[in-house]
1. Hey, for a label at residue 146 modelled as a point 7 Å past Cα toward Cβ, could you say which residues of the stretch 11-37 have their backbone N under 20 Å away?
2. Can you list the DSSP H helices in the chain whose Cα atoms extend at least 20 Å along the helix axis and whose mean Kyte-Doolittle hydropathy is 0.5 or higher?
3. To the nearest 0.05, how large is the calculated FRET efficiency for residue 76 and residue 200 if R₀ is 25 Å and r is the Cβ-Cβ distance?
4. Could you work out how much longer the chain between residue 16 and residue 178 gets when fully extended? Use 0.36 nm per residue separation minus the Cα distance between them, nm to one decimal.
5. Starting from the 7 Å offset along Cα-to-Cβ, what nm value, one decimal, do you get for the label separation of residue 212 and residue 193?
6. Can you tell me the relative contact order of the chain? Whole percent, Cα pairs under 8 Å, sequence separation 6 or more.
7. Could you give the length gained by full extension between residue 223 and residue 67, i.e. 0.36 nm per residue of separation minus their alpha carbon distance, to one decimal place?
8. Along the Cα→Cβ direction, 7 angstrom out, place labels at residue 33 and residue 186. What is the inter-label distance in nm?
Amino acid sequence: MADDDIGQDRPETPLDALGIMASQQAIIGPNLRHVEMYTRRGLLSLLWHEPDGEAQKVGVVMVGGAMGGMLGPGDSLFHALGEQLVMQGIPSIRLSYRKPNDMDSCCVDTAAAVQLLVGSGADAVVVMGHSFGGAVAIRVAVGLSAMVCGVVTFATQSAGCEIAGGLHSTPLLMFHGDSDSILPLEASEVVRSIAGTGDLHVMYGDDHLLAKSHDVMFSTTMDWLGTVFSGVSS
């Protein structure tokens, strides 16, 4: 997943691969911190939802599509999930890629966010992504299998998911509109077939942004996360 070879004695981590030159942060709301990391290959921005007091030992990373962005599908679903999760003591990170649509770079960004949550006390992390970000989420989950306990995709592309079989028993939740004008429903079906697992929810009459399915995706995802995280803590 590294952008380039840095040549260290110890194994290179995703944060090492970023090559962070400087960073700054600001509290922009209750339980919400904005972090900017200046790297050799662009600016990585994070919105970090942090609970008051002691957090649960789990976390969530949410990533956008080929154009980037931090809000996700539906009606700003990622923001809504972040706000609900933090109320339950679960931290989450939404990120803006350094180089949107560059698969390797975006995977490093996402893996670094996973590493940040683990370094902050999470024992396991769920990664979720929309469109292009679905492939990013799957690739990071395979590469960081010891840290990632689940994957959620929204209208995922199939390109980049050729390694989805490496998820093995990692829980996989999927949403896709049957009227998607950018990526057909078959893309998620192909990914599920490669993975050999996956709970695919077809959003009937919905397009790529899944604008009509916000409430269903929110409630289904929250219930699913509860089940996955209970398995981690048991």
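The values are calculated or read from the model by the stated rules, or taken from the named source; none is laboratory data. In this text, all values refer to a predicted model and were calculated from it rather than measured experimentally. Cβ atoms come from the backbone with ideal geometry, glycine included; neighbour counts cover every protein chain shown. We work out accessible area using only protein heavy atoms, side chains counted, and drop any ligands, DNA or RNA first. Shrake-Rupley method; radii C 1.70, N 1.55, O 1.52, S 1.80 Å.
1. Label zone hits: 11-18.
2. The qualifying helices are 103-119.
3. 0.60
4. Going from the current span to full extension adds 54.3 nm.
5. Here the answer is 2.6 nm between the modelled labels.
6. Relative contact order of the chain: 15 percent.
7. Taking 0.36 nm per residue and subtracting the Cα distance, the gain is 53.3 nm.
8. Between residue 33 and residue 186, the simple spin-label model gives 4.6 nm.
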